[in-house]
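**Q** Got a structure for you, written out below as structure tokens; questions coming shortly.
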Amino acid sequence: MNMDELFHAAERAAEAAYAPYSHFRVGAALLGESGTVYTGCNVENRSFGLTICAERTAAVTGVSRGERRFSALAIFTPDSADPVGPCGACRQVLSEFMAGGAQVRFGGSSPERIDTTIRELYPFDSLHDLAGTASVVTARNT
């Protein structure tokens, strides 16, 4: 599956979004290493901290079906002309299941799309990049 097809899956996923408070729908599509596509949408709650993002919905769906590694992600935000990338919590969760070089595409209602990688979205990820590749300085109590 190419990124255009994955992005179209994210567009379809956004149609199911439950966003009565923000009116900001998001759809996500994750490509599992098995070749299966897992989609998700944002689901808001009046207790806003309990809202779950589309990206995490897709990841949890895939993991609950036995997928543990994902190779690509697409995100669509129809209520924004500008591309909107994943929030910090989603970046953290996605980095758990995606290699640093995994492809990511996000876009809104305009034709502009951003193509990037998990590593570019989440640099110095302690699970990947800092594990033996960066110099770590430890402070000593004196």
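**Q** Taking interchain pairs and intrachain pairs at least six residues apart, which have beta carbon atoms under 8 angstrom, with the first residue in region 57-79 and touching a residue at least 40 places away in the same chain (Cβ under 8 Å) and more than 13 Å from E96 (Cα to Cα) and the second of a type in the set (S, T, N, Q) and not in a helix (DSSP H, G or I)?
**A** Taking only residues 6 or more apart or on different chains, the pairs are A58/T39; A72/Q103; L73/Q103; T77/S109; P78/S109; D79/S109.
**Q** Something else now. Give me a count of the residues in region 96-142 that are modelled with pLDDT of 95 or more and among the hydroxyl-bearing types (S, T, Y).
**A** The total comes to 4.
**Q** Considering each residue of region 73-101, count those that are in a strand (DSSP E or B) and either more than 26 Å from F24 (Cα to Cα) or among the aromatic types (F, W, Y) (or both), and give that number.
**A** Looking only at that region, the number is 4.
**Q** May I pose another question? Tell me, which residue of region 26-52 that is in a loop (DSSP other than H, G, I, E, B) and in contact with a Cys (Cβ under 7 Å, 6 or more places away or on another chain) is farthest from V63 (Cα to Cα)?
**A** V26
**Q** Still on this structure: Report yes if some residue within region 62-72 is assigned to a helix (DSSP H, G or I), more than 13 Å from the chain's Cα centre (by Cα) and closer than 23 Å to N2 by Cα; otherwise report no.
**A** Yes, that holds for at least one residue.
The values are calculated or read from the model by the stated rules, or taken from the named source; none is laboratory data. All figures in this text were calculated on a predicted structure; none of them were measured in a lab. So basically every Cβ, Gly included, is an ideal-geometry build from the backbone, and we count neighbours across all protein chains shown.
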